[in-house]
Amino acid sequence: MKRILTVLIILISTNIFGQKNMLETLTIDSTTKIIGRYPQYDKTRTYEKYNFIIEDSVEISNFIRNIKLGDEVPNSSESPSFRITIVKNFKEEGTWTINPTQKSVMTHDGHTYKFDIDQITELNEKFSFKYNHKKIIFKSPEEYQAYLIEQKKNPNFLFDYKPQFKYEGSFEIEFEKSNKFSSPKAISEFLYPYIDKIVDRNEYRVSYILNKKNMKNNGKSYTMTITGPKKIYENLEIKKLKNENWESTVEDGWFFYRE
């Protein structure tokens, strides 16, 4: 049986890592990691030299005790930046965004503090870390879950950004402009009572997208997009109007691996 070491760290000082951002107590187990990395969108890997990964429970404890924040300063950010993240059980639990040039850090709660970058510059030597990531398209939550289960079997898998799948899909209804349907807002107000009979208001949205079709119609008609469960598309009936172009939601997930 794999031995799990659990360490409960009480973060007392307001200058310690977790107090201002993550959790006042952090339970460290065999899945806990602290990762410092350049953000995946930084194609030039500007601050790759600072990358690190700490997995040993004692080393994580030391890191949390020793890392310090300075005085609070006005919020600011720079791009590219650097990130320090707590990962636990393949999930990001919280993230700091470090501004190396400005010598500041924005914590997970949206506050910014002075930060001495020298605190992390040598971690790469002891806990060197390189990573890669990939984007995968999913058509359903079930497809995503099946893929995630397989990734967790990969010893190099770290964490993922999962697709949201808030809405099942979308479709369109075209309205000829008239006194009754004079604007997208007027049409939305017209549609709400009909759709509310099928699903709750928080399960869908009605929007007017300035796409090629609407631009071509130049205000002579309005094609509204309704996003939500497919049962709206199947059950919504409005006289002389047609539900068209149902499209299932397709979303992507991002998966991160050590090299």
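The values are calculated or read from the model by the stated rules, or taken from the named source; none is laboratory data. Note that the structure is a prediction, hence the values are computed from the model and not measured. Please note: Cβ atoms are built from the backbone with ideal geometry, for glycine as well, and neighbour counts cover all protein chains shown. Just the protein is used for accessible areas: all its heavy atoms, side chains included, with ligands, DNA and RNA removed. Shrake-Rupley method; radii C 1.70, N 1.55, O 1.52, S 1.80 Å.
Some points to look at:
- Flag for Asp118 being open to solvent by less than 80 Å² (accessible area, probe 1.4 Å) and outside any strand (DSSP E or B): no
- Pairs, first under 12 Å from Pro229 (Cα atoms) in segment 196-213, second of a type in the set (Gly, Ala, Ser), C-beta under 6 Å, six or more apart: Glu203/Gly228; Tyr204/Gly228
- Total residues in segment 80-108, condition of a type outside the set (A, V, I, L, M, F, W, C) and over 15 Å from the mean Cα position of the chain (by Cα): 11
- Filtered residues of segment 219-259 (kept if among the polar types (S, T, N, Q), open to solvent by 50 Å² or more (accessible area, probe 1.4 Å) and more than 29 Å from the chain's Cα centre (by Cα)): Asn235
- Lone qualifier among Arg201, Arg258 - being of a type outside the set (S, T, N, Q) and closer than 26 Å to Ile137 by Cα: Arg258
- Residue count for segment 151-191 under the criterion of being of a type outside the set (Asp, Glu), within 23 Å of Tyr222 (Cα to Cα) and either in contact (Cβ under 8 Å) with a residue 60 or more places away in the chain or open to solvent by less than 60 Å² (accessible area, probe 1.4 Å) (or both): the result is 16.
- Candidate set from segment 42-74 (those that are open to solvent by 100 Å² or more (accessible area, probe 1.4 Å), in contact (Cβ under 8 Å) with a residue 24 or more places away in the chain and out of contact with any Lys or Arg (no Cβ under 6 Å at 6 or more places or on another chain)); member that is farthest from Gln119 (Cα to Cα): Thr44
- Segment 121-141, subset under 16 Å from Gln40 (Cα atoms) and in a loop (DSSP other than H, G, I, E, B), residue most open to solvent (accessible area, probe 1.4 Å): Lys130
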